[in-house]
Amino acid sequence: MIVLRFLHVVSGALWVGMFAFMSFILLPAFAEVGPEGAKLQAALAKRRIPVIMPVLALITLVSGMWLYQRLSGGAIGALLKTPTGLAFGLGGLAALLAFVVGIGLARPFMMRSMKLAEQMKTASPADRSSIIAEMQKLGARGAVVNRLVMALLLFALAAMAIARYV
Ligand code: HEM
């Protein structure tokens, strides 16, 4: 139980923390510097963020569902009728949605723009302007999806934080 809670809280904190850093600091900074950021974006791709974040998310989700099952003692319907059970349940649902939207929509944007950043390193000056235009388009669309995932994650975090006390 202690291992499960440890895995759950630590991976959840890292998942939300990394995503918040990306949404509130890294992406606005990339938007500000424009094409200059391509080099850094290519360097970030090497740090395996597209692998680390989904793994952290999966550990959080699986351990969370397991904790929920244990907390309910097998009676999930009854747990959902209590304020604490409902808060953990709604928070868990928000986290699950954040994962689905993140993998289904945000990730393809991120992978494409990392690929473009890689191409920028060797692109001819003529190709550069079309790559920059595509990166800007991707950035604008990705920002909308990112905001949605961030809102869901913050809701999940807030629900987890207060669930025991409602
Ligand atoms: C963004 C993702 C998540 C974060 C940051 C997160 C964070 C946390 C934290 C900090 C706690 C400790 C709260 C306390 O003891 O008062 C906790 C507990 C818990 N979480 Fe999550 N969580 C996440 C996702 C989930 C998911 C998907 C579920 C699945 C339903 C879930 C179910 C639970 C349960 C049942 C507990 C209580 C464990 C116990 O019995 O002590 N969590 N979570």
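Structural remarks
- Residue within the range 3-11 that is free of Cβ contacts under 8 Å to residues at least 24 places away in the same chain, aromatic (Phe, Trp, Tyr) and either near the ligand (Cβ under 10 Å from one of its atoms) or over 26 Å from Ala140 (Cβ atoms) (or both) present: yes
- Of all residues in the range 111-166, those satisfying the criterion of being closer than 25 Å to Ala43 by Cβ, of a type outside the set (S, T, N, Q) and outside any helix (DSSP H, G or I) are Lys121, Ala123.
- Failed condition for Gly139, given (1) within 16 Å of the ligand (Cβ to nearest atom); (2) at pLDDT below 85; (3) not hydroxyl-bearing (Ser, Thr, Tyr): (1)
- Subset of the range 129-166 (residues that are under 25 Å from Phe88 (Cβ atoms) and among the hydroxyl-bearing types (Ser, Thr, Tyr)): Tyr165
The values are calculated or read from the model by the stated rules, or taken from the named source; none is laboratory data. Everything numeric in this text was worked out from a predicted model, so none of it was measured. When we count neighbours, we look across all protein chains shown, and the Cβ atoms used for this are built from the backbone with ideal geometry, even at glycine.
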